[in-house]
Structure formats: structure tokens, C-alpha cells
Amino acid sequence: MSGVQLKFVRKTYPNGAEAIRGVDMDIKSGEMIVFVGPSGCGKSTLLRMVAGLESISGGDISIGDRVINDVSPSERDVAMVFQNYALYPHMSVRGNMSYGLKNRKLDKAEIEKRVNEAAKMLKIDQFLDRQPNQLSGGQRQRVAMGRAIVRNPQVFLFDEPLSNLDAKLRVQMRIEIKRLQRRMNVTSIYVTHDQTEAMTLADRLAVINDGLVEQMGAPMELYSNPKTLFVASFIGAPQINLIPVTFDGKTLNNGSLKLAGFKDLPENTDLVLGVRPDVMTQTTKGQLDMRVDLVEQHGGENLVYGALQGAVNDEGEELEICLKGDKALLPDLDAALRLSFDPATAFVFRKNTGERLL
Amino acid sequence: MKRVQYEHSPIPYLFVAPQIIIIVIFFLWPAAQAVYQSFLLEDAFGLSSQFVWFRNYSDTILSGAWLQAAWFTMIFSFLVTFLSLGLALLLAVKANEVIQGASTYKTLLMWAYAIAPPVAGLMGNLMFNPLIGDLYGFMNAVGFDFDHKLDPVDAGFVVVLISVWKQVSVNFIFFLSGLQGIPKSVQEAALMDCKSSFRRFWTITFPLLAPTTFFLMVINITYAFFETFGIIDTTTQGAPGGATTTLVFKVFQDGFRGADIGGSSAQSVVLMLLVLALTVIQFRFIEKKVHY
Ligand SMILES: Nc1ncnc2c1ncn2[C@@H]1O[C@H](COP(=O)(O)OP(=O)(O)OP(=O)(O)O)[C@@H](O)[C@H]1O
Ligand SMILES: [Mg+2]
């Protein structure tokens with residue numbers, strides 16, 4: 001097994017679009033890396049550059065010690081699972097899985113063995129002689145996985161492989177992918193824009209924003225210690241509460257809202273206070289007042305949404321915040337809740353650069 | 001159990017009537033006429049006719065000229081179909097890879113589509129004119145002793161060339177749209193599975209184009225059989241010595257030029273049966289293999 005190194009990788013499309021603007025990354029052998037980011041940030045582009053489906057405009061990509069910039073996709077020793085499965089419609093499941101091996105001139109017995117093993121592992125052994133159009137979406141996804149597994153590659157690449165499946169199947173496959181990856185211990189890169197997928201699958205997460213890696217690290221590290229406003233707002237569901245504030249030397253202010261317990265912040269600068277919904281608790285002596293708009297019951301936990309009293313957002317409208325509590329937290333509509341949080345658990349960002357100050 | 005019953009209205013029949021009338025007037029009626037005529041022998045002035053059973057069939061079909069035409073038709077149809085499909089596929093694959101100026105290429109390649117066969121024939125005739133024809137001059141300049149008025153192979157070359165040229169654009173359009181119908185991700189998956197682009201073409205692209213190819217094959221064979229009539233009529237007119245006479249052209253020659261209505265009817269009935277047989281074969285044996 002071998003890792004993947006990206007050294008100042010750039011991509012400019014022929015039409016001039018700068019999709020990747022210098023990415024450095026060192027992926028260790030056997031690690032599972034997840035790329036997350038908003039639509040159009042360049043996740044797929046970066047993945048496809050590793051796969052060899054997009055040319056590299058600048059920098060180097062290497063797998064193991066081999067620079068693969070000019071190596072053809074079939075010789076990079078990577079296997080990819082596509083979002084829409086990309087099965088060969090005219091071949092049976094067996095044909096799909098063995099096609100890549102046949103082209104690599106493996107002997108028949110070995111191909112047979114690998115296909116059968118992978119099929120058993122993915123529970124598709126009873127479909128081996130079916131055509132792809134005779135399979136359900138979930139089964140097709142398994143075949144696509146099988147096609148990647150039999151290749152026994154150095155690196156697995158996944159481009160939103162689960163986004164065409166229904167919610168329940170997605171959870172099931174997610175667990176299965178993680179288990180397979182653990183068991184095979186193959187270096188993997190996984191692209192998704194699904195929060196939960198990203199948090200649960202990744203050994204390390206790379207948050208990508210506008211062609212650059214904003215921050216990279218273990219999922220919990222990114223959750224509890226985001227470097228930028230973007231990472232803080234992108235990671236975590238429900239989203240972090242963001243309150244625009246200014247500092248006057250003693251308190252953070254927004255309208256009549258005054259929050260004490262913060263220091264060493266620049267004055268007369270637009271700041272953003274970030275408070276995770278799960279670090280706030282309902283008390284009688286808190287710093288925030290909230291008027292309840294909506295309670296979402298998720299079974300084990302409840303999410304309470306409402307307007308923060310005394311403060312306004314950038315448009316001068318009510319500021320919506322969210323509180324996470326257990327299932328006993330069931331306030332009435334329009335009830336006033338008093339919330340408290342430990343200032344040490346909150347983040348403060350500089351508004352114009354997104355840089356984290358506290 | 002109650003079945004859902006819809007009230008029958010005559011309106012649907014009214015809608016299909018024009019189509020049925022057209023088929024009856026322009027196809028069934030002439031076909032019936034041909035069958036009837038094929039059993040009659042007319043005198044030279046067309047004044048009287050006599051019922052002769054299958055004599056028209058045995059006379060024409062067993063004649064050397066008919067067998068020659070049948071043989072030529074086979075070779076001609078095979079060459080035209082094979083060459084125009086092959087060439088169009090090659091062009092379509094190449095045009096599909098072109099990124100810059102793609103639409104110009106495509107438009108240029110599609111142009112010939114708008115040309116009617118007789119016009120294509122006239123143009124070809126000019127190009128192979130012994131006095132002013134550029135292609136005639138070129139063939140002789142590069143060392144061939146080229147004369148399509150005398151040499152059967154040269155004459156065959158001319159009609160095949162023009163027929164293929166005329167047909168390539170239609171095939172090109174269909175192949176190109178077929179190629180564009182192959183999902184990009186499937187091609188990318190193949191790119192990661194197979195290094196050789198030649199092998200990729202024959203194992204992925206070509207099989208996925210099979211339905212298009214089959215459809216075009218039927219169209220092209222029909223074209224070579226029937227529509228090339230206009231090209232032959234405006235170029236070689238079946239010469240030299242019947243060497244470029246297709247079965248359809250022979251029907252026309254014997255019937256309209258030779259005024260042998262009975263004989264040419266017999267030929268067209270045989271032709272009809274041939275085409276029927278060909279169609280059945282195509283659908284029975286080939287179509288099974290092309291759908292996935
Ligand atoms: N073939 C292309 N030609 C030109 N620009 C492209 C091409 N493909 C992508 N882009 C641009 O590059 C940027 C990154 O695209 P990419 O597909 O990598 O986004 P993504 O992060 O995968 O988004 P999504 O989550 O929607 O899949 C986008 O701004 C897109 O418009
Ligand atoms: Mg994408």
C-alpha cells in the first residue's frame with residue numbers, strides 16, 4: 001500500500017476557470033480522506049486529477065514514490081467508483097468486474113477467484129450473470145464497488161458514490177464502505193457534500209473552498225477547533241449559530257445584547273461569534289434570550305429554533321438561532337427561553353477575512 | 001368481474017385513413033399490379049396480352065443478364081454499406097474527439113446529406129467526365145489506365161464512390177449522436193480499466209453503438225438496393241455491358257426502356273421477395289445480438 005502526495009496542485013480548465021488553486025496534501029498509506037465543500041468548490045476536479053481523468057495544470061501528484069502526472073489512468077493503479085455507477089451496460093455483472101483484469105492480462109483462474117471473492121464480500125454473488133439493467137440502484141452500486149475492489153488498487157477514489165441512493169440504503173452502504181476500507185486497508189479518497197458521510201467516514205477531512213484546502217484534520221478536530229469561519233459554518237449539523245458582533249473592550253455587542261467573558265479582541269472591527277447549538281443550555285441565569293419558533297423532534301434529541309432577542313443580523317432582521325437538547329426539552333411556541341454558554345466553548349472570527357481570533 | 005369498456009368511436013380510423021390510403025394506392029395496388037402483370041406476356045405494341053404462368057419468371061430470372069445484375073447488386077450493396085458505414089464511423093469517432101471548431105467540422109461533414117441521389121450522380125458524372133472531369137484526370141495522372149466507359153471495374157468504382165459519398169453524411173449524423181449518447185462516465189470507467197484505445201473502442205464503444213449500427217445497416221442496404229438508382233441512371237446507366245446494372249435499374253430498363261412489362265414485373269416481384277427475405281434475416285438473427 002502507498003500514500004498519495006499532492007504538491008501545489010493546480011487546475012485551470014481550457015475555458016479559463018481556475019478550479020484548483022494550489023493544493024498541498026499528504027495522504028498516508030491506508031488512510032481514508034474525505035473532501036467536503038460546497039458545490040463547485042473543486043472536489044471532483046481534484047479527485048479526477050488523481051484518477052487521471054483531468055490533466056494537471058501545475059504541481060505534482062504522486063502515489064507511493066511515483067509521480068503520476070503523465071501516467072495514463074489505467075496505469076496509475078487507482079480504482080474509482082462513480083456517482084452514477086458507470087457500469088458497462090452491455091456486460092454482465094461478471095463481465096463488468098472482470099473487464100479491467102482481462103485487459104491487464106491476468107490469468108483466468110485468478111480473475112475468477114477475485115471476482116467470486118469480491119462478489120461474496122459484497123453479497124452480489126447471486127447476480128453475477130445478470131445485466132446491469134436488471135439490478136436495483138443499491139445492487140448496481142455494489143457492482144461498481146466490486147469492480148473497484150477486484151482491481152486490488154493502491155488507491156480507491158469515490159465521487160459521491162451514495163448520492164443516488166435513498167436515505168436508508170445510504171446509511172447502510174456508508175457503514176459497509178467504512179468496514180471494507182478498514183478491512184482492506186487501502187488508501188481512499190472520498191468526495192461528498194454530505195455532512196454525516198464526511199464526519200463518519202473520514203480519518204481526516206479536507207474542507208475545500210474555492211479551489212483551496214481551507215483546513216484539514218480529523219473530523220472532531222475540525223468540529224471543535226475550526227481555523228476559519230467557513231470551516232466552522234460548514235462542519236456540524238445543525239449549523240453553528242453565527243452572531244455578528246463588535247467588541248468595545250469589555251463586551252461583545254449586537255443591539256441590546258451584551259456578552260461578557262471575552263478579551264484580547266480588536267475593537268471597532270466587525271466580528272462574528274460562533275456558538276454550537278449543543279454547547280448552549282437552558283438555564284434561568286443565561287446570557288441569551290430566545291423566542292421559540294419551532295421544535296424539531298428527532299427522537300433521541302430535540303432541536304429548538306427561534307429568534308435571538310435584542311440582536312439583529314446583517315440585514316437588520318431577526319437573528320435565528322438553534323439550540324440542541326434532549327427529548328425532554330419541549331418548550332411551547334413563542335415561549336421565552338434563557339440560554340447560557342461557556343465563552344470558552346465559543347469561537348470568534350474576524351468577519352472580513354474569516355480568520356479565527358478566539 | 002367487470003371489464004372496463006370504452007365506447008368505440010370511428011374517429012381513430014379517420015386519423016389513420018390517410019396513411020392507409022397512401023399505402024394502398026402507392027404500394028399495395030402497384031404491387032398487386034406487378035404480380036398480375038408478371039404472369040402476362042404482351043405483344044410488342046402492347047395491344048394484346050396472354051396468360052403465360054411462370055414463363056416471365058423463368059425467362060428473365062434464368063437469363064445471364066439478370067444473374068449478372070443480381071451478382072453486381074450483391075457486391076455493390078455490400079461495398080456501399082460496408083464502406084459508407086465504416087467511413088462514417090471513423091469520421092464520427094474523430095469528429096467526436098475534436099474540441100475546437102467541432103461544429104464547423106460537423107456541419108461540413110453533414111452537408112452532403114441535403115443532396116438528392118440524382119444530383120450526386122450528375123456531380124459525379126461531371127467529375128468523371130473524360131474531357132473536363134478532375135477525378136478522371138487525376139486517376140489517369142496517378143497511373144491508372146482509368147476508363148469507366150469501357151472497364152467494368154472502373155465503372156463499378158465510380159458508382160460505388162458516388163453512392164458512398166452521398167450516404168456517408170447520413171450515417172455520420174447517426175453515429176455521432178450515437179457516440180454522444182454513450183455516458184461520459186462509462187467512457188471514463190473504461191479509460192481506467194483499459195489502456196489501449198483500440199481495444200477500448202472494440203470492447204466498449206462499438207458494442208454500445210450496435211443498435212445504431214444495426215439500424216443504419218438496414219437503412220444502407222435499402223439505400224444501396226433502391227435509392228442508388230438515381231446515381232446509376234445519371235452516371236453509367238448500367239454500362240459497360242450491364243456491368244453496373246443493379247436489379248432495380250434492370251427493372252426500370254426492361255420495363256420502361258425495353259417495354260417488357262411482364263418480364264420487368266416478374267423481376268420486381270422477385271426483388272420484393274428478396275428484400276422481404278433480407279429483412280427477416282436481419283431482424284431475426286442480427287437484432288438479437290445487438291440489444292443489451
Ligand atoms: N470541464 C470543465 N470545464 C470548465 N470548467 C469546469 C469543468 N468542470 C468543472 N468546471 C468548473 O470547475 C469548478 C469546480 O468543479 P467541480 O466539478 O470540481 O466541483 P465540485 O466541488 O465537484 O462540485 P459538486 O459538489 O457540485 O459536484 C466549478 O466552478 C466548475 O464550474
Ligand atoms: Mg462533483
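Scan segment A:117-125 and tell me whether some residue there is out of contact with any helix residue (DSSP H, G or I) (no Cβ under 9 Å at 6 or more places or on another chain) and either open to solvent by 10 Å² or more (accessible area, probe 1.4 Å) or modelled with pLDDT of 95 or more (or both). Checked segment A:117-125: at least one residue is out of contact with any helix residue (DSSP H, G or I) (no Cβ under 9 Å at 6 or more places or on another chain) and either open to solvent by 10 Å² or more (accessible area, probe 1.4 Å) or modelled with pLDDT of 95 or more (or both).
May I ask you to verify whether residue A:6 is within 12 Å of ligand 1 (Cβ to nearest atom), outside any loop (DSSP other than H, G, I, E, B) and either under 20 Å from the mean Cα position of the chain (by Cα) or in contact (Cβ under 8 Å) with a residue 12 or more places away in the chain (or both)?
On the way: within 12 Å of ligand 1 (Cβ to nearest atom): no; outside any loop (DSSP other than H, G, I, E, B): yes; either under 20 Å from the mean Cα position of the chain (by Cα) or in contact (Cβ under 8 Å) with a residue 12 or more places away in the chain (or both): yes.
Considered against the rule, which asks whether it is within 12 Å of ligand 1 (Cβ to nearest atom), outside any loop (DSSP other than H, G, I, E, B) and either under 20 Å from the mean Cα position of the chain (by Cα) or in contact (Cβ under 8 Å) with a residue 12 or more places away in the chain (or both), residue A:6 comes out as no.
Exactly one residue out of A:195, A:181, A:172 is open to solvent by 60 Å² or more (accessible area, probe 1.4 Å), out of contact with any Gly (no Cβ under 7 Å at 6 or more places or on another chain), at pLDDT below 95 and assigned by TED's automatic domain parsing to the domain that holds residue A:156: that is A:172. Against the criterion of being away from ligand 1 (no atom under 15 Å from the Cβ), among the polar types (S, T, N, Q) and more than 23 Å from residue A:104 (Cα to Cα), residue A:29 qualifies.
Checking residue A:93 against (1) within 14 Å of chain B (Cβ to nearest Cβ); (2) free of Cβ contacts under 8 Å to residues at least 60 places away in the same chain; (3) in contact with a helix residue (DSSP H, G or I) (Cβ under 8 Å, 6 or more places away or on another chain); (4) open to solvent by 10 Å² or more (accessible area, probe 1.4 Å): exactly one of these is not met. Which one? Just one mismatch for residue A:93, condition (4).
Residues checked against (1) of a type in the set (A, V, I, L, M, F, W, C); (2) closer than 28 Å to residue A:30 by Cβ:
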residue: A:125; (1), (2): no, yes
residue: A:128; (1), (2): yes, no
residue: A:132; (1), (2): no, no
residue: A:147; (1), (2): no, yes
residue: A:160; (1), (2): no, yes
residue: A:164; (1), (2): no, yes
residue: A:172; (1), (2): no, yes
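Residue selection: residue A:118 satisfies the criterion of being within 30 Å of residue A:139 (Cβ to Cβ) and of a type outside the set (D, E, K, R).
For segment A:236-273, the candidate set comprises residues that are touching a Gly at 6+ places or on another chain (Cβ under 6 Å) and assigned to a strand (DSSP E or B); within that set, the residue that is modelled with the highest pLDDT is A:242. All told, residue A:196 meets the bar of being touching a residue at least 40 places away in the same chain (Cβ under 8 Å) and of a type in the set (Val, Ile, Thr). Restricting attention to segment A:100-116 and to residues that are open to solvent by less than 10 Å² (accessible area, probe 1.4 Å) and within 10 Å of chain B (Cβ to nearest Cβ), the residue that is farthest from residue B:182 (Cα to Cα) turns out to be A:101.
Here's the yes/no breakdown for (1) in the same structural domain as residue A:327 (by TED's automatic domain parsing); (2) among the β-branched types (Val, Ile, Thr); (3) open to solvent by 40 Å² or more (accessible area, probe 1.4 Å):
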| residue | (1), (2), (3) |
| --- | --- |
| A:201 | no, no, no |
| A:207 | no, yes, no |
| A:244 | yes, no, no |
| A:247 | yes, no, no |
| A:253 | yes, no, no |
| A:280 | yes, no, no |
| A:283 | yes, yes, yes |
| A:289 | yes, no, yes |
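Within segment A:176-186, the presence of a residue that is under 27 Å from residue A:209 (Cβ atoms), assigned to a loop (DSSP other than H, G, I, E, B) and in contact (Cβ under 8 Å) with a residue 24 or more places away in the chain is excluded.
Go over the candidates B:54, B:78, B:138 one by one and state the one that is among the aromatic types (Phe, Trp, Tyr), modelled with pLDDT of 80 or more and either over 20 Å from the mean Cα position of the chain (by Cα) or outside the structural domain of residue B:258 (by TED's automatic domain parsing) (or both). Only one candidate qualifies: B:138. Name the one entry in B:182, B:162 that is within 30 Å of residue A:106 (Cα to Cα), in contact with a Ser or Thr (Cβ under 8 Å, 6 or more places away or on another chain) and in contact (Cβ under 8 Å) with a residue 24 or more places away in the chain. Being within 30 Å of residue A:106 (Cα to Cα), in contact with a Ser or Thr (Cβ under 8 Å, 6 or more places away or on another chain) and in contact (Cβ under 8 Å) with a residue 24 or more places away in the chain holds for just one of B:182, B:162, which is B:182. With the condition kept exactly as written, say whether any residue in segment B:118-132 is under 17 Å from residue B:83 (Cα atoms), open to solvent by 80 Å² or more (accessible area, probe 1.4 Å) and in a helix (DSSP H, G or I). The answer is no; no qualifying residue exists. Of all the residues in segment A:57-85, those that are open to solvent by less than 40 Å² (accessible area, probe 1.4 Å), more than 14 Å from chain B (Cβ to nearest Cβ) and of a type in the set (Ser, Thr, Tyr) number 1.
Within segment B:204-215, identify whether any single residue is under 28 Å from residue B:246 (Cβ atoms), at pLDDT 90 or above, away from chain A (no Cβ under 14 Å) and part of a helix (DSSP H, G or I), and answer yes or no. No: segment B:204-215 contains no residue that is under 28 Å from residue B:246 (Cβ atoms), at pLDDT 90 or above, away from chain A (no Cβ under 14 Å) and part of a helix (DSSP H, G or I). Selection of segment A:9-56 for residues being loosely packed, with under 15 Cβ neighbours inside 10 Å, more than 16 Å from ligand 2 (Cβ to nearest atom) and not in a strand (DSSP E or B) yields A:14, A:15, A:16, A:28, A:29, A:55.
Residues in segment B:185-214 that are surrounded by fewer than 18 Cβ atoms within 10 Å (Cβ to Cβ), over 14 Å from residue B:88 (Cα atoms), without any contact (Cβ under 8 Å) to a residue 60 or more places away in the chain and not small (Gly, Ala, Ser): 5 in all. Only a single item in (1) within 16 Å of the chain's Cα centre (by Cα); (2) buried (at least 17 other Cβ atoms within 10 Å of the Cβ) is not met by residue B:242, and it is number (1). The residue that is farthest from the chain's Cα centre (by Cα), among those in segment A:9-33 that are farther than 18 Å from residue A:43 by Cβ and touching a residue at least 24 places away in the same chain (Cβ under 8 Å), is A:29.
When the residues of segment B:148-184 are filtered to those that are surrounded by fewer than 17 Cβ atoms within 10 Å (Cβ to Cβ) and within 14 Å of chain A (Cβ to nearest Cβ), the one that is nearest to the chain's Cα centre (by Cα) is B:181.
The values are calculated or read from the model by the stated rules, or taken from the named source; none is laboratory data. The structure displayed is predicted, hence computed values, not measured ones. Cβ atoms come from the backbone with ideal geometry, glycine included; neighbour counts cover every protein chain shown. Just the protein is used for accessible areas: all its heavy atoms, side chains included, with ligands, DNA and RNA removed. Shrake-Rupley method; radii C 1.70, N 1.55, O 1.52, S 1.80 Å.
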